[in-house]
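Since the structure comes first, as structure tokens, the remarks are kept for the end.
The values are calculated or read from the model by the stated rules, or taken from the named source; none is laboratory data. If you're wondering where the values come from, they're calculated on a predicted model, not measured in any experiment. Here the Cβ positions follow ideal geometry from the backbone for every residue, glycine too, while neighbour counts run over all protein chains shown.
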């Protein structure tokens, strides 16, 4: 493991397995989803260990924790600055690179006087799959009229 804001930390087998699960995931998983995956390979691991380790890995900038108001945090293997698009129907969360977001960072500093150290933009909407379902339902209702 590498150094983070508080220096290095011990690389344990459990931490390595948890990090590997985040890095192997194609999607942004919750702590519960990561726990289920880790448990398949390491049956004795406790949920608390996974939860604490995810926060430790994020603190040391090896992964990124994404928080969404009242929803469970999700964990991202990408630690570079990037944004996300979130489906409000099914919950899918995808990476998106939006160059204009960097301009927003500067505008926020200029308008507030803050020294902005980090920002994250989330675009919310309905994904293509959910749109298909919604549109199919609307067509079915229209055909009944």
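Things worth noting here:
Let's see how each residue does on (1) modelled with pLDDT under 95; (2) under 25 Å from residue 15 (Cβ atoms); (3) in a strand (DSSP E or B); (4) touching a strand residue (DSSP E or B) at 6+ places or on another chain (Cβ under 9 Å):
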position	(1), (2), (3), (4)
35	no, yes, no, no
45	yes, yes, no, no
51	no, yes, no, no
61	yes, yes, no, yes
66	yes, yes, yes, yes
73	yes, yes, yes, yes
85	yes, no, yes, yes
103	yes, no, no, no
109	yes, no, no, no
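- If the condition is being surrounded by 10 or more Cβ atoms within 10 Å (Cβ to Cβ), under 30 Å from residue 100 (Cβ atoms) and without any contact (Cβ under 8 Å) to a residue 24 or more places away in the chain, then segment 120-145 contributes 131, 132, 135.
- Selection count where residues are out of contact with any helix residue (DSSP H, G or I) (no Cβ under 8 Å at 6 or more places or on another chain) and either surrounded by 13 or more Cβ atoms within 10 Å (Cβ to Cβ) or farther than 21 Å from residue 118 by Cβ (or both), scope segment 58-75: 7
- Scanning segment 116-145 for residues that are over 21 Å from residue 65 (Cα atoms) and part of a loop (DSSP other than H, G, I, E, B) turns up 126, 127, 145.
- Candidates 28, 55, filtered to the one that is farther than 30 Å from residue 130 by Cα and either without any contact (Cβ under 8 Å) to a residue 40 or more places away in the chain or crowded, with 16+ Cβ neighbours inside 10 Å (or both): 55
- Verdict on residue 97 being assigned by TED's automatic domain parsing to the domain that holds residue 25 and surrounded by fewer than 12 Cβ atoms within 10 Å (Cβ to Cβ): no
- Where residue 84 falls short, out of the listed (1) free of Cβ contacts under 8 Å to residues at least 12 places away in the same chain; (2) within 16 Å of residue 29 (Cα to Cα); (3) outside the structural domain of residue 16 (by TED's automatic domain parsing): (1)
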